[in-house]
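Here is the structure we will look at.
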Amino acid sequence: MCGIVGYVGPRQATAILMDGLKRMEYRGYDSAGIAVINGDGLTVRKAAGKLGVLAEELAGNAPTGRVGIGHTRWATHGAPTTPNAHPHVDRSGRIAVIHNGIIENANDLRKALVARGHEFTSQTDTEVLAHLIGEFYDGNLEEAVAAALRDVDGAYGICVISADEPDVLVAARNGSPIILGIGDDEYLVASDQSALVEHTRSVIYLDNGEMAVMTPKGYRVRSLISRRVDKPINQIEWDLETIERGGFEHFMLKEIFEQPESIENTMRGHLLEETGNVRVYGLKLDDDQVKEIKRIIITACGTSWHSGMIGKYMLEELARVPTDVEYASEFRYRNPIIDEHTLVIAISQSGETADTLAALLEAKQRGARTVGLVNVVGSTIAREVDGGLYLRCGPEIGVASTKAFTSQVAALAMVTLRFARLKEMSLLDGKRWVEALAALPGQVREILSRADEVKVLAEQFADANNALYLGRGVNFPTALEGALKLKEISYVHAEGYPAAEMKHGPIALIDDAMPVIVVAPRDAIYGKIVSNVQEVRARGGRIIAITNPGDEEISDLADATFVVPETLDLLSPILTVIPLQLFSYYVALRRGCNVDQPRNLAKSVTVE
Ligand code: G6P
């Protein structure tokens, strides 16, 4: 996600800001910028692309000044262009803001500001915030920021400077991390410890609703309302490399553990509790257009195809729209039947997968309406679709997709709700669906707190050379995804099957050397899967069951059981997949595999 760095002190700010941004490069970003207070003015420099592009532009004419802010952007509002890059300035051009997070009421604030004569040069929510702070400014930056933030809904970590108060740096946090670095007569701000450690190991972690005001003479932490909050100073103990992965041994593990936040970010601002519905204007489908859709085709590759399969179960069950899921590579070459009543949904973490892009273009050419569920803002697929939802789950660096998968399923659940509430779903059921969605991040967090249980299981089963994953209904695709994860990073041959289909072939493989992982939450078809598990047991298979609290039948048959909290049947893959992700990670670790960069695989496959 985006990176923030700020500096106030005796040294030249530009070099410190650029070093800090460089330290956060591993997080992924698409543009960068700095603002430095220079004499009595403000110099803002920014560039789309990698940090190297900005560094080249600064070479030989870097702005001088001892107070500044710097930002690497991972786009959430608007394409990754130079005008959309941070810092953004207010109407006077004398206040500069950098921001991580999403301001949910940015559209309303923007409309009000436009009505009062403001003009905007970017599509970002951050520029709206800069203008708002500018409106409140009457010589006291700290109070102007506090006043503006009281009008803001959503998540932010921000850093603000003003040319009119040339030795003041203001930071604030609500939802996005902000860390203060306490040096000798100098203070730093960063969204990530990695940008601080080479300057100081003494840090203060801002909590939500808190602000900090720093000058070369000292600092003060306050809240949006009160003038002072006492905060302890902590010491960073990790080395730089560990910090860049947030203390996790691998990016994949870090990303698995980010899922409570990433799922929440996917849904942020979309769920409407009162009306049991979702606000998804980005789909660009009004009520009449939704009603016109007679058929849906979901197209994707790899893990994204698996989330698409889950989408099919949701859309057909609740929205009653016939839905097909197509491998993008197959779809494009088989003369698909499409008309103007067909909606094609392309799902892609990267937004650049060549087969998915080609399938999308084919669908467009044949007259389908298109929607994209994409993580990377401004990516090719995101630009080609008629409408869409960004997953907003942050950059995924580990090659094996984890957090993108759960965000894709959450996004599909929201698309389903949009359709279902216009068709047959009642207000009450809509409310239950929204409530269940909102509960998922907490439930994922609870599962992750028991990751060690999965580690123990993985160590017991790590020597197996084959594995079978079974699931029924909406958890059949979960079984496919579990098998794919194991294949990808631990090179163990694994297959996913619908549990009942097992007896038509794979059952021949079962013996005591073959672990069978059964995804069996206590849903409507739980009873059916019990008999399938009995069939495995009878042939000496070793069974790991993923089920819900209160299960007795499958636990009695299984060698090991991992329970996940209950949710609505159709949402269960978001929970049942978590132990499967962890299982493949710990098996790969045990087998000494390169978890983040498995052999032969690429994160983004831009060739056919
Ligand atoms: C590659 C990656 C997979 C991913 C697939 C689709 O194969 O290794 O993890 O699921 O591409 O990628 P996309 O970016 O389109 O979701």
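The values are calculated or read from the model by the stated rules, or taken from the named source; none is laboratory data. Quick caveat: nothing in here was measured; it's all calculated off a predicted structure. Reconstructed Cβ throughout: ideal geometry from the backbone, glycine too, with neighbour counts over all protein chains shown. The accessibility values were calculated without ligands, DNA or RNA, using every heavy atom of the protein model including side chains. Shrake-Rupley method; radii C 1.70, N 1.55, O 1.52, S 1.80 Å.
Given the pairs Lys294/Lys403; Lys312/Lys431; Lys291/Lys487; Lys291/Lys503; Lys312/Lys364; Lys231/Lys254, which span a C-alpha to C-alpha distance of over 29 angstrom in this model? From Lys294/Lys403; Lys312/Lys431; Lys291/Lys487; Lys291/Lys503; Lys312/Lys364; Lys231/Lys254, over 29 Å: Lys294/Lys403; Lys291/Lys487; Lys291/Lys503. Expressed per residue, the C-alpha convex hull volume of the range 3-236 stands at 106 Å³. Which of rounded, prolate or oblate describes the range 377-439 when judged by the alpha-carbon gyration tensor and an a/c cut-off of 1.5? Here the range 377-439 falls in the oblate category. In this structure the amide hydrogen of Asp324, modeled in the peptide plane, comes within under 5 Å of the amide hydrogens of Ile296, Ile297, Ile298, none closer than 5 places in sequence on its chain.
Taking the helices alone, the chain has a mean residue ellipticity at 222 nm of -11000 deg cm²/dmol, built from -39,500 (n - 2.57) per DSSP H run of at least 4 residues and averaged over all its residues. Nonpolar atom fraction for the range 491-549, defined as the carbon and sulfur part of the 1.4 Å probe accessible area, stands at 52 percent. Between the helical axis of 451-461 and the longest alpha-carbon principal axis of the chain there is an angle of about 40 degrees. Three principal axis extents describe the C-alpha atoms of the range 244-307; from largest down they are 50, 33, 16 Å. Calculated on the alpha-carbon coordinates, the convex hull of the range 37-169 measures out at 97 cubic angstrom per residue.
DSSP beta bridges fully contained in the range 244-448 are about 10 percent antiparallel. Per-residue packing, averaged as other Cβ atoms within 10 Å, sorts the ranges 25-33, 567-575 into the order 567-575, 25-33, beginning with the highest. Angle of helix 403-422 to the longest C-alpha principal axis of the chain, folded into 0 to 90 degrees and rounded to 10: 80°. Helix 106-115 and the longest principal axis of the C-alpha atoms of the chain enclose an angle of approximately 40°.
Of all lysines in the structure, the ones whose alpha carbon falls short of 23 Å from that of Lys46, not counting any fewer than 8 places away in one chain, are Lys22.
The Rg/Rh ratio for the chain, using Cα coordinates for both the radius of gyration and the Kirkwood hydrodynamic radius, is 1.00.
Put simply, the convex hull of the Cα atoms in the range 111-249 casts, on average, a shadow of 9.7 nm². Please report how far the C-alpha centroid of the range 290-331 lies from that of the range 387-422, rounded to the nearest whole angstrom. Their Cα centres are 13 Å away from one another. Summarising the amide proton neighbourhood of Asp30: residues at separation of 5 or more, or on other chains, whose placed amide H is nearer than 5 Å comprise Arg73, Trp74, Ala75. Probing with 1.4 Å while keeping every protein chain in the model, the per residue accessible area of the range 552-608 equals 45 Å². Expressed in units of 2.2 N^0.38 Å, where N is the residue count, the Cα radius of gyration of the range 164-228 is 1.06. Among the protein heavy atoms of the range 3-236, carbon and sulfur supply 48% of the accessible surface, probe 1.4 Å, non-protein parts ignored. Volume per residue for the range 244-448 equals 108 cubic angstrom (convex hull of Cα atoms). Accessible surface for the range 3-236, divided over its residues, is 37 Å² per residue with a 1.4 Å probe.
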